[in-house]
1. Which whole-percent values make up P(r) of the stretch 1-57 when all C-alpha to C-alpha distances are grouped in 10 Å steps starting at zero?
2. Taking the 0 to 90 degree range and rounding to the nearest ten, how far is the long axis of helix 125-134 tilted relative to the main principal axis of the chain, both from C-alpha atoms?
3. List the pairs from 132/159; 21/102; 143/249; 21/159; 21/132 whose alpha-carbon separation is above 28 Å, in the order I gave them.
4. Can you pull the semi-axes for the stretch 208-250, root of five times each eigenvalue of the Cα gyration tensor, sorted largest first, whole Å?
5. I want to make sure I understand the PRE zone here: with the label point 7 angstrom from the Cα of residue 221 toward its beta carbon, which residues in the stretch 33-65 have backbone N atoms less than 15 Å away?
6. Provide the gained length on full extension for the span residue 136 to residue 245, in nm with one decimal, where the gain is 0.36 nm per separating residue minus the Cα-Cα distance.
7. Give the Rg (one decimal place) followed by the Dmax (whole number) of the stretch 24-111, computed from C-alpha coordinates and expressed in Å.
8. Compute and list, largest first, the equivalent-ellipsoid semi-axes of the chain from the alpha carbon gyration tensor, each √(5λ) rounded to a whole angstrom.
Amino acid sequence: MSLSLPVLVFDSGSGGLSVWKEIVALRPDLSTLYCADFEGFPYGTKPDSLVAERVTGLLARLIPRYHPRLVVLACNTASTLLLDDLRQRFDLPFVGVVPAIKTAGASAEPHRICLLATPATITRPYIDQLVKNFASGHEVIKKGQGDLVRLAEDFVRGKPVDTELRGIVDDIRQEAVDAVVLGCTHFPLLRAYFEQALPEVRWIDSGEAIARRVSHLVGTLRLDQTSPAWHEAVYTGPQDTPWETGVRKWGFQQVSQVPAV
């Protein structure tokens, strides 16, 4: 069956679900397709050429099949690497993501901010540029945390993660920061735990801003629907029954595999 699912949210794994959730909350009328490229996961540790090949190849198959009208590239690595190229290759609007340093730095009063991201993300030059452009009046501490990606994936699959998260939160507590920028789309999946453990800290991610951008584009593209919203998820790699079970609880009516690139 070939459906028309106007919003495609794409990530290397489950992280984009944090963005998808905000989009659906803001626009419950929209049908969506979510794609997790587990076979290529994680993008941050892969050569740029391989990431480009995988993302472009998958989109070249998904777009003709599901006919999205806009694509959300819900991955920091893919966004910074490919956004411009994808906009030129495909005749569709693309929305990318970057860590919400601009939001964290908006206060005129100096703050101590922690950028919590993957080890690969914190070393990329665009991060330094974001800090320079939007948070130069604040103290910004960078923390590379790769385990959180794995823990977020475990969380979606229903595995217990509290014990391991406790140590990560204790490390942040010792920094005495005012705000934490969750600089990977995987990390907001664990936001409820973070907020409960450190309620005095402001936890910031880009999900709501991305959802507002998508809603604006939906209006300009006249994508308003009259039928009930349909949400479908696809993924690459071996069958992952725990993930299929987990994401169905998020509200996806259909979950299936797609062939490898």
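Coordinate-derived values only; no laboratory data. All figures in this text were calculated on a predicted structure; none of them were measured in a lab. Glycine also receives a Cβ, built like all others from the backbone with ideal geometry; neighbour counts cover every protein chain displayed.
1. Result, from short to long distances: 22, 44, 28, 6 percent.
2. 70
3. Numbers: 132/159 39 Å; 21/102 22 Å; 143/249 32 Å; 21/159 20 Å; 21/132 30 Å.
With Cα atoms farther than 28 Å apart: 132/159; 143/249; 21/132.
4. Working: eigenvalues 162, 36, 20 Å².
Working through the eigenvalues yields semi-axes of 28, 14, 10 Å.
5. Hits in the stretch 33-65 for residue 221 at 15 Å: 33-35, 59-60, 62-65.
6. Values: separation 109, 0.36 × 109 = 39.24 nm, distance 4.38 nm.
Fully extending the segment from residue 136 to residue 245 adds 34.9 nm.
7. 15.3, 49
8. Details: eigenvalues 171, 83, 66 Å².
Whole-Å semi-axes of the equivalent ellipsoid: 29, 20, 18.
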